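**Student:** Sharing a structure here in structure tokens format.
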Amino acid sequence: MRFIHTADIHLDSPLKGLEVHEDAPVEEIRIATRRAFDRLIELAVEEEVDFVLIAGDLYDGDWKDYNTGHFFVDRLGRLAKAGIRVFLVTGNHDAASQITRTMPLPGNTTLFPSARPQSVQLDDLGVFIHGQSYPSRAVTENLAARYPQREAGYFNIGLLHTSLTGREGHENYAPCSTDELLSKGYDYWALGHVHRREVVAEDPWIVFPGNIQGRHIRETGAKGATLVVVEDGRIVDVAQRELDVLRWSLCNIDLSGCATRDVVHEQVRHAMENAQQLAGGKALALRLLLEGRCPMHAELHARSDRWTEEFRAIAISMGDIWLEKVQFRTRRMADLDDILDGNSPLAGLLRSIECLEFGDAPLTTLVPDLADLKRKMPPELLDDDSLLENPSAALTELREEVRELLIARMLHQGGEA
């Protein structure tokens, strides 16, 4: 027996951070999740799996139109023609309360109900699959507690969308413990909700497969699904299969000692080449993080827009690389007191800027309408890097950028490096 475990497909979800750039592959970005899902379908057919498990968040919220649903049922039809069954539960993004449109599903597909756990028996394979969908977006109760104990004499699978005891960057939905899952006696737990692949346990197997296509810079690295092989009622292989079509990468570049523009360009190009090689030929969405004590520090911060466009040109020249963002985190070669005469007016002003604080009041207190705006916005449109979603971290970063920009501009105009 062979089956595929996938989750968090977020069909037709926009990829954040690239579409605003004129050189970005807008069409590739728009259909990336569909292309990754097509690769999932191809994998299932090629591997001749018996069934596919989808552990929630097939969709990314309510559809803009019926095209999303039409696409999905068309691909299910391809699996049906290959004799492959599909079993799915909904998660927080595609819960019953989130999706107002519906599509009749083909006969090879089972959608588990949201009222209570259901068990599906596959006598031809000797399998029981237990699952429950989300009735609403925010499910804070422990769904696993109501799942039945294993059916003796069968290979038992639990299908569940959960955060377990909590995972960074994910809402704490359908919380439960690993020990609680183990107590059910199942042979495999097919989980969803966490977008980074994680093998929680191996005896029995408890797996988050991660999502099949990274959607923004916080979802870096290979993305795909899990292929499981069972022989004589025992799991003999659990393997990740890559499915993503556009790879996200965060590139840390140490510019320590870089004293000229050409050397900076060379370091950036080298880092891009390495990232491109690691992506294995896939299109690459890249964020650069420039670090280190650097003689070019003042120049980099004073003219960050110009440098960003130069780095973007390097990416374009290499092909299939799109620069999402550049973060300038380099440091000065020496403290200000070592650079300037401590008694000069310029030194005093620069020290004042270095100590500049913007206050620690919450942004929603300073601008009350932002809190109301955040409540009205769909969660999938909020970016963890934004002032709305993570105001403390965003303001801290903004303060540092403003402070370094002011100092760099004054040092640059004053003729200092």
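**Student:** Whole number please: convex hull volume per residue, Cα atoms of segment 2-242, in Å³. Numbers along the way, then the final one.
**Tutor:** Details: hull volume 28.9 nm³, N = 241.
In segment 2-242, the Cα convex hull volume per residue is 120 Å³.
**Student:** Listed here are the pairs Lys16/Lys325; Lys16/Lys223; Lys81/Lys223; Lys282/Lys325; Lys64/Lys223; Lys64/Lys282; which of them are more than 22 Å apart at the Cα?
**Tutor:** On the way: Lys16/Lys325 11 Å; Lys16/Lys223 16 Å; Lys81/Lys223 27 Å; Lys282/Lys325 19 Å; Lys64/Lys223 25 Å; Lys64/Lys282 28 Å.
Pairs exceeding 22 Å: Lys81/Lys223; Lys64/Lys223; Lys64/Lys282.
**Student:** Compute the Kirkwood hydrodynamic radius of segment 72-126, taking the inverse of the mean of 1/r over all pairs of distinct Cα atoms, and give it in Å to one decimal.
**Tutor:** Mean inverse Cα-Cα distance, inverted, gives 12.8 Å.
**Student:** Using all Cα-Cα distances in segment 245-333, what percent lands in each 5 angstrom bin from 0 up to the longest?
**Tutor:** 3, 16, 28, 26, 15, 9, 3, 1, 0
**Student:** Another question, then. Asp124 to Arg234: extension gain in nm, 0.36 nm per residue of separation minus the Cα-Cα distance?
**Tutor:** Details: separation 110, 0.36 × 110 = 39.60 nm, distance 1.63 nm.
Additional length available on full extension: 38.0 nm.
**Student:** Please tell me the relative contact order of segment 120-173 in percent, rounded to the nearest whole number, where contacts are Cα pairs under 8 Å and at least six residues apart. Kindly include the intermediate steps, with their values, before the conclusion.
**Tutor:** Numbers: 55 pairs, mean separation 20.7, N = 54.
Relative CO of segment 120-173 lands at 38 percent.
**Student:** Which whole-number percent of Cα pairs in segment 112-254 have a distance greater than 17 Å? All intermediate terms of the calculation are to be shown ahead of the outcome.
**Tutor:** Numbers: 6435 of 10153 pairs.
Tail fraction, whole percent: 63.
Quick note: the coordinates plus some simple rules give every number you see, no bench work behind them. Just so it is clear, the structure is predicted and the values come from calculations on it, not from any experiment.
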